[in-house]
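Here, each number is a calculation from the coordinates, and none is a lab measurement. Computed from a predicted structure; not experimentally measured. For neighbour counting, all protein chains shown are included, and Cβ atoms are generated from backbone atoms with ideal geometry for every residue, glycine included.
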Amino acid sequence: MAKATLTISSKNYSSWSLRGWLLTRFSGLEFEEIVTAPDDPSARAEILLLSPTILVPCLRHEGATVWDTLAIAEYLNEVMPDAGLVPKDRIQRAHCWSISGEIHSGFTTLRASLPVNLKGHFPGFKIWSRAQADIDRVCAIWRECLGKSGGPFLFGMRTMADAMYAPVVTRFMTYDVKLEPRLKEYAGMIMALPEMQEWIEAAKAEPSDIEELEVDY
């Protein structure tokens with residue numbers, strides 16, 4: 001029997017569920033997956049950015065209940081310290097937490113304008129200027145991290161930061177966002193991760209669609 005459970009919502013639409021799931025998989029902690037149906041009112045509110053609080057993903061482990069992705073990352077780093085979720089170097093670790101916090105609390109226009117939709121593909125999608133500013137900031141973060149670390153991941157080895165930015169990678173793929181070669185290579189590598197491929201295959205198999213997130217351009 002699994003020692004932990006992770007409650008998530010839609011694999012096709014929920015960026016927060018993807019982050020929590022990847023963090024837990026990257027940590028190596030054994031867990032049982034519990035999926036809340038996308039038509040559940042609380043799940044829809046989370047996915048459609050209508051909820052002031054985000055209660056999924058929710059990790060339960062040995063009496064602890066943790067429902068915020070940064071809190072999940074911190075908890076997993078504590079219980080699985082050898083997983084490498086954060087860099088060992090103090091300065092790199094501070095940078096990792098900072099950019100993870102930035103994507104956790106910011107980029108609201110990007111979230112609203114380019115919602116996660118792994119089944120969708122919208123080439124030629126019109127990106128408005130405010131969303132482009134968010135995209136430019138993400139690219140600057142990736143460029144700086146890869147420049148300092150040398151890659152292939154943001155901090156050389158795979159860390160929580162790659163899990164936190166993975167939903168942005170899927171947005172870039174879904175909406176055909178053009179990236180410079182090095183950033184395109186990074187995005188392609190994230191999409192090719194076995195964990196991401198597993199998640200994407202499950203997302204494509206989901207029977208439910210949320211009409212509000214199905215754009216037509």
inquiry  = Suppose only helical runs count, i.e. DSSP H with n ≥ 4. What mean residue ellipticity at 222 nm does that imply for the chain under -39500 (n - 2.57) per run, divided by all residues and rounded to the nearest 500 deg cm²/dmol?
reply    = -16000 deg cm²/dmol
query = For F122 and A202, what is the calculated FRET efficiency with R₀ set at 22 Å and r taken between the beta-carbons, to the nearest 0.05?
reply = 0.55
query = If you rank I91, I34 by fewest surrounding Cβ atoms within 10 Å, what's the result?
reply = I91, I34
key: Set of lysines with alpha-carbon distance to K148 below 22 Å, sequence-local pairs under 8 removed   = K88, K184
request  = Work out which trypsin sites (Lys or Arg not before Pro) in the chain are exposed loop sites (DSSP not H, G, I, E or B, at most 16 other Cβ within 10 Å) and give the longest gap free of them.
outcome  = 4-87
